[in-house]
Amino acid sequence: LAQYPMLREEMERIVTQHIRDRENRTKDQVLLLIDIELSYMNTNHEDFIGFANAQQRINQMSKKKAAGNQPERGVNDRFKVNNPYKLRK
């Protein structure tokens, strides 16, 4: 291109103009991508209470309430064996 200075200048002008034209569109697309990322709701985050997490929390709370209403088990209670011949109603 050193042999053709006018061609080099014209190429530089065209490329520079093309970059300037695309700069605004690129900025708009980046801002749109940022907005999309910010609006994404990460349902896998531990602070998000979706249906599955809410159901688990309700189950845990009801188990805690049920455990709180029952008398404490003794140390030896965990070694008791259920009688398989006991009649069930």
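For this structure, a couple of remarks:
- Heavy atoms of Leu33 accessible to a 1.4 Å probe, total area in Å² rounded to 10: 100
- The listed residues Glu10, Glu37 rank as Glu37, Glu10 when sorted by accessible area, largest first, using a 1.4 Å probe.
- The rule of thumb for compact globular proteins, 2.2 N^0.38 Å, goes into the C-alpha radius of gyration of segment 1-44 2.06 times.
The values are calculated or read from the model by the stated rules, or taken from the named source; none is laboratory data. Note that the structure is predicted; figures quoted are calculated from it, not measured. Each accessible area value is taken on the protein alone, full model and side chains, heavy atoms only, with ligands, DNA and RNA left out. Shrake-Rupley method; radii C 1.70, N 1.55, O 1.52, S 1.80 Å.
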